[in-house]
1. Return the distance in nm (one decimal) between the two label points of a simple spin-label model at Phe216 and Gln120, each offset 7 Å from Cα along Cα→Cβ.
2. With a cut-off of 8 Å between alpha carbons and a minimum separation of six or more residues, what is the relative contact order of the chain in percent?
3. Equivalent-ellipsoid semi-axes (√(5λ), Cα gyration tensor) for the stretch 90-143, whole Å, largest first?
4. At most 15 other Cβ atoms within 10 Å and a DSSP loop assignment: could you name the GluC sites (Glu not before Pro) in the stretch 136-202 that fit?
5. Exceeding 29 Å between C-alpha atoms, which entries from my cross-link table qualify? They are Lys104/Lys184; Lys54/Lys565; Lys249/Lys270; Lys248/Lys499; Lys325/Lys495.
6. With the cut-off at 24 Å, report for the stretch 241-341 the share of all Cα pairs above it, as a whole percent.
7. If the label point is 7 Å along Cα→Cβ of Thr625, which residues in the stretch 555-571 have backbone nitrogen under 19 Å from it?
8. Work out, step by step, the length gained on full extension between Arg442 and Val40: first 0.36 nm times the residue separation, then minus their alpha carbon distance; give nm to one decimal.
Amino acid sequence: MFGIKRKKATRRIIEHDPSVIGEHAPTLHDLMTLADGIEVRASEVYVSPSGFTKTYYVTGLPSTVHFGYLQRFFRVGADVHISMHVEPADSALAMSKRTKLMTKIESEIISEQKAGTNKQLAFLQQEYQLLEKEREELRLGIERLFYVTVVFAVSSPDRDEFLAACERVEREGFEGFLIREAYKEHDLGFRSVAPIGENVLRHPIEMTASALANGFPFTNSRFSHEYGVPIGVDWSSGHLNRYDAWHKKLVNANAVIIGKAGSGKSFLVKGLVARSAAMGIRHAIVDYEGEYTPMVEALGGVVIRIDEKSPYKFNPFELEEEEEKQSDGTIRRFVDVKEKISDMERLIVSMAHLHADHDRIDSYTTNAINDMLQELYERDFGFTTDPESLYERHETWQRDAKGDRLVRRVKRPQPRFSDFYTKLEARAASDSRLEELAMRLRRFREGGTEGMFDCYSNVELQDVPVVSFDLSRLPEKSMARKLGMQVVLEWIMEKFIKKNVHLKKRVIIDEAQKMLEHPDHAIFMEDVFRRIRKRSGSAVAASQDFRKFAESEHGRAILQNSDTKVLLRQDKLDKEAVMANFGLEEHEFEELIGYRDGQARWWVGGEVFYNQLVTFADEFNLFTTRFVQSDAELAMQRRGLA
């Protein structure tokens, strides 16, 4: 009698499989001994006292994946752990599978064509071409296939934070990814991620070698600055970010901060200023809209309002001695008369073009301006590179809060615009080629319609942490406000940046795109970013219009001369400009569009990290420019989630 010998079925006992960590990896029992207790529920796992955990797994990838595509999983508002379990696949079997799918699609294409509907024709043809390309790459060995189980666990000790993060995952998902909750398998999912890392959940998907490679690294390492100003937290890891603009690895301390209106740009700048001032960094702010006043006053700073009736006067023609730190540590003091002449030449040319931008003055006129300025500073006023040339010997007694003191020298009178204009009028009387220049500049004399800067300065910068120049009262339509930005910046460079080279100093230029609208102002701002580095300074341009930076030669130069670049939420209209200038992929720009207020992508000396400025209640009230909040925002604040 013959019997049938059946092959004994082999059983795989997953619990005894070697771990990816090694044979001595901790078991679930080991893990439980480290906790007060563990409760496995249908929809989550609770580990006491660590908190709540819910696991998900990926069932499908987008048709195209980019480098670091798993990074988006870390931005759900809670802790996230990801495990990728990789097993090699049989390439021959994969090619056979694709051939069968192609045959099926080909028959569907023929059916569509015969029926004359053509509704799915384009989609089917595209899918066929994709499968054909994959099959050919597998055949030639260009690609390899793997079976990959992607598991991620959302965890938080705070119940509300945990539920909000899970709700975000389930409601929003991730663009192009198919995600499923490990319902009634959370114990397996819990073991599939760190620290155990056993592949017990086992929901594999096919993945090519290139797609697998693009998944690593999941996220950046932490930002390397260990000291500096606390600027917020990395919302993907919860790590506190500190920023040192004068870090030894940075080429310069300059920064550009770009974000569409309402993205939190001013909020971020105010946070940077306030926290930097507390650490001894001095600031001068060119406040185009007048929105920094409450914060500056709260910090014990000074707000200087600039308009026709203001008691504060600024003379851009004033010359100051400069300090330069030598290689041996000593400080050399000198007067750079030549640089001042060049600065004033640029200012006068800018004034001449302010109302006639398309009618540029010729080279003869420009050279004449330079000659007259050289006569004014070197011959008429006798200024040289020697700082003593700025003073005259005159012994007198002065009384101040500290008592009486003997002053042996006083500052000599400084030139002003009227001195230059008088010289111009005299030369124009005998040279008709300068008559038009005199006519253009007449309005800028004292008593003219825009003569507010033809004066002697009565402002001195004392040892204050922050000084703000409020330009909001100048009429914008008259171009006076844009001229005011240049005059104030020139005065800041002379009185603030050139002094005290041993101190850290920062200049904030708010609404910097306004200066890019006029070529002469743009040239000047670019020059500020170039010159400020050697004087231990930092220039920060804040703007809500990136296209003006991208379209301007000088705007692009400012980007190149800034070792720190910050992108907050962006406008879709700026897509091409942002992607081209920052080297972003399309999916990275799409992420920028979805940023919440205050969320930003930072480039600092070649490092990229993500930051969310988190404020205290008092700081929030000082920094915000939004005085009405939605009910949802108020509820989030009460729950401590905003």
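Derivation of every value follows stated rules applied to the coordinates shown; laboratory data play no part. Every value quoted in this text rests on a predicted model; they were computed, and no experiment measured them. Cβ atoms come from the backbone with ideal geometry, glycine included; neighbour counts cover every protein chain shown.
1. 3.8 nm
2. Averaging sequence separation for qualifying contacts and normalising by length gives 17 percent for the chain.
3. Equivalent ellipsoid of the stretch 90-143: 26, 10, 6 Å, largest first.
4. On the way: sites: Glu136, Glu137, Glu143, Glu161, Glu167, Glu170, Glu172, Glu175, Glu181, Glu185, Glu198; in loops: Glu143, Glu175, Glu185, Glu198.
Listed in order of number, the matching sites are Glu175.
5. Lys104/Lys184; Lys54/Lys565
6. Counting pairs separated by more than 24 Å, the tail of P(r) holds 48 percent.
7. 566-571
8. Gain on stretching Arg442 to Val40: 136.4 nm.
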